[in-house]
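Scroll down for the structure; my scribbles are underneath it.
The values are calculated or read from the model by the stated rules, or taken from the named source; none is laboratory data. Computed from a prediction, not measured in an experiment: that's the story for all the values here. All Cβ positions, even for glycine, are placed from backbone atoms using ideal geometry, and neighbour counts span all protein chains on display.
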Amino acid sequence: MANYLLIHGAWHGPWCWGAVATALERQGHSVAIPTLPGLNQETRARVGSFGLADHIHAVSTAIDEIPGRLILVAHSYAGMIARALEGVRRDKLHHIVYLEAVIPEPGRSLLEMQPVGAAETLRALTRETPHGTVLGPPNVAQRYAIMDAATCRLDSVAVAAPSAAHAHRTTANVSRDAR
């Protein structure tokens, strides 16, 4: 059976992978779901002090804790992390799955890759905290009048994300520093 490492996107946590993890484990696979720094209970108060490099390092560390090769599944913002690890963790990565994920363009930040309207929406979510700038949860259900149970649950559990992670421009150096 395979080893899976599931990486959540911004505003999320391991909870978003619950059903997927259960299905994979029922089939006999091993599943690990780390929480990105700043998005867990212990570090949430300092969310603005973390950035993309911290997330890359955390996922690289999680990779080291899994025996053998693995399948990395990246959702949304986590595509930035997966792309940075692609070359430097080739020894451990059997496959990378980009699930509705951002695939970064070299030298551009996540914000710079957004369509104009989306980038402005993200900028409007920005607020200052004692530990740096954060992006507040997007309140998807309210903003887009989507009232299904899953979307409403997302809005109720989403947490602020570090804006530095969205503003960091991708470079070859990010990948080298990840290990």
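When only residues in segment 73-87 that are out of contact with any Asp or Glu (no Cβ under 9 Å at 6 or more places or on another chain) and over 14 Å from Asp54 (Cα atoms) count, which is surrounded by the most Cβ atoms within 10 Å (Cβ to Cβ)?
Ala74
Among the numbered criteria (1) modelled with pLDDT of 95 or more; (2) touching a Phe, Trp or Tyr at 6+ places or on another chain (Cβ under 9 Å); (3) in a loop (DSSP other than H, G, I, E, B), which single criterion is violated by Gly28?
(2)
If you check every pair at least six apart or on different chains, which have Cβ atoms under 7 Å apart with a residue in segment 49-78 that is assigned to a helix (DSSP H, G or I) and at pLDDT 90 or above first and a residue that is of a type outside the set (A, V, I, L, M) and surrounded by fewer than 17 Cβ atoms within 10 Å (Cβ to Cβ) second?
If the second residue must be of a type outside the set (A, V, I, L, M) and surrounded by fewer than 17 Cβ atoms within 10 Å (Cβ to Cβ), the pairs left are Ser60/Arg179.
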